[in-house]
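A.B. asks: Below are the structure tokens for one structure; questions will follow.
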Amino acid sequence: CPICFLPIIGPLHDSTYLDCCGKLICFGCAAEKRRVVEATNVEKKEELKRTETCAFCRAPVTTSGERKMLRFEKRMELNDPLAYYHAGCCYQGGTWGRQVDALKALELFHRAAELGVPDAFVYIGGYYADGIIVKKDPAKARACFSIAATKGSIWAKHSLGFFEYLQGNTVIALRHWRLSAAAGYKASLDRLRVELGKGNVSRDEYAATLQSFLTSHDEMKSEARDREEKRLEVLEMKREARDSECK
């Protein structure tokens, strides 16, 4: 992260893309900046309240889907690889006012991959693994996941583990999960814990991986990140409570 200088796992999982200038900052710094602005606005009149701006180019942070997509388009004109990637995510998930469009998302992910975004290969691999838009092709899916993993994507290592697991290659899957968990990816550690209960992972293997995970996690910790994680945990607990009340 260019603000706190702590590691970021990937462009989507623990970071915020600044669509105004193309910078990528961690979720902790993004949340802290937003918190400071909100705190200073508490007792101010509406006309005197501060607007949150980019820490680098000072452009106003937008919450409008249309404005965000226009900013993506401007960044894509500059061949910003992360703009292609995040625009693809919008069409993939139907966020920021976009309708889900798998074909459009795949086109954008292909361009992002060409420009060097490792995680874009993970999405492309997912299309081939599930047979969405393209013909189902496990070999191409494995190749895409492997390329992303080779380029340093921790999420790709985790995804490759899941792919191999579904193919019945449990030993290979566990090897990938151990690598991604050791790099600080919690979802992989959670999977290893499940496999420990099944007897597929020894206690010594799990303990060694857990120690590596904790070391990596400590290297990525900050007060801002911890504060945001706790806030998100509270929101998730409230959401689960509301869901249980509705049932």
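A.B. asks: If you roll a 1.4 angstrom probe over the protein chains with everything in place, what fraction of the accessible area of region 134-211 belongs to carbon and sulfur, to the nearest %?
C.D. replies: Whole-percent figure for carbon plus sulfur exposure: 57.
A.B. asks: Taking the Cα centre of each part, how many Å lie between region 9-79 and region 214-231?
C.D. replies: After rounding, the separation between the Cα centres reads 21 Å.
A.B. asks: Moving to a separate point now. Counting only heavy atoms of the protein chains, get the accessible area per residue of the chain (1.4 Å probe) and round it to a whole Å² value.
C.D. replies: 57 Å²
A.B. asks: With a bin width of 10 angstrom, please list the P(r) values of region 1-148 as percents of all Cα-Cα pairs, from the 0 bin to the one holding the largest distance.
C.D. replies: All Cα pairs, binned at 10 Å, distribute as 11, 35, 32, 15, 5, 1 percent.
A.B. asks: If you don't mind, there's one more thing I want to ask. How large is ³J(HN,Hα) for each residue in region 92-108, as worked out from phi by the Karplus curve 6.51 cos²θ - 1.76 cosθ + 1.60 (θ = phi - 60°), to whole Hz, x for Gly and Pro?
C.D. replies: Running phi through 6.51 cos²θ - 1.76 cosθ + 1.60 with θ = phi - 60° gives 5, x, x, 9, 6, x, 8, 7, 4, 9, 4, 5, 5, 4, 4, 4, 5 Hz.
A.B. asks: Turning to a different aspect of this structure: Specify the inter-centroid distance of region 118-194 and region 80-100, based on alpha-carbon positions, in whole Å.
C.D. replies: After rounding, the separation between the Cα centres reads 21 Å.
A.B. asks: I've got another one for you. Expressed as a whole percentage, what fraction of the accessible surface of region 1-100 belongs to carbon and sulfur atoms when a 1.4 Å probe is rolled over the protein heavy atoms? The partial results should precede the final answer.
C.D. replies: Working: 3010 of 5710 Å².
Answer for region 1-100: carbon and sulfur cover 53 percent of the accessible area.
A.B. asks: Given H placed on each backbone N at 1.01 Å, which residues far from residue 53 in sequence or on other chains put an amide H within less than 5 Å of it?
C.D. replies: Under 5 Å from the amide H of residue 53 lie the amide H atoms of 61, each far enough along the sequence or on another chain.
A.B. asks: Keeping every protein chain in place, order 27, 163 by accessible area at 1.4 Å, biggest value first, i.e. largest first.
C.D. replies: The ordering from most to least exposed comes out as 27, 163.
A.B. asks: Got a sec? What order do 62, 170 fall in by accessible area at 1.4 Å, biggest, i.e. largest, first?
C.D. replies: Correct descending sequence by accessible area is 170, 62.
A.B. asks: State whether the chain is rounded, prolate or oblate according to the following rule on the C-alpha gyration tensor (a ≥ b ≥ c being the square roots of its eigenvalues): a/c under 1.5 gives rounded; otherwise a/b larger than b/c gives prolate, and the remaining case gives oblate.
C.D. replies: oblate
A.B. asks: With a cut-off of 8 Å between alpha carbons and a minimum separation of six or more residues, what is the relative contact order of the chain in percent?
C.D. replies: Reported relative contact order: 14 percent.
A.B. asks: Next question, about the same structure. Over 18 Å between C-alpha atoms is what I'm after, so list which of 23/104; 33/230; 136/157; 23/68; 68/186 land there.
C.D. replies: Values: 23/104 24 Å; 33/230 16 Å; 136/157 21 Å; 23/68 14 Å; 68/186 30 Å.
Pairs exceeding the cut-off: 23/104; 136/157; 68/186.
A.B. asks: Something else: Would region 193-247 count as rounded, prolate or oblate if I go by the C-alpha gyration tensor, calling it rounded below 1.5 in a/c and otherwise prolate when a/b exceeds b/c, oblate otherwise?
C.D. replies: oblate
A.B. asks: Answer rounded, prolate or oblate for region 84-230, using the Cα gyration tensor with square roots of eigenvalues a ≥ b ≥ c: rounded when a/c is under 1.5, else prolate when a/b is larger than b/c, else oblate. Kindly include the intermediate steps, with their values, before the conclusion.
C.D. replies: Details: a/c = 2.24, a/b = 1.38, b/c = 1.62.
Taking the square roots of the gyration eigenvalues as a ≥ b ≥ c, region 84-230 is oblate.
A.B. asks: Using amide H atoms built in the peptide plane, which far-off residues or other-chain residues are under 5 Å from residue 16 H to H?
C.D. replies: Sorted by chain and number, the residues that satisfy this are 25, 26, 27.
A.B. asks: Using a Cα-Cα cut-off of under 18 Å, which aspartates and glutamates could be cross-linked to residue 221, ignoring same-chain neighbours fewer than 8 residues away?
C.D. replies: 14, 32, 229, 233
The values are calculated or read from the model by the stated rules, or taken from the named source; none is laboratory data. Predicted model only: the values in this text are computed from it and were never measured. Heavy atoms of the whole protein, side chains included, go into the accessibility calculation; ligands, DNA and RNA do not. Shrake-Rupley method; radii C 1.70, N 1.55, O 1.52, S 1.80 Å.
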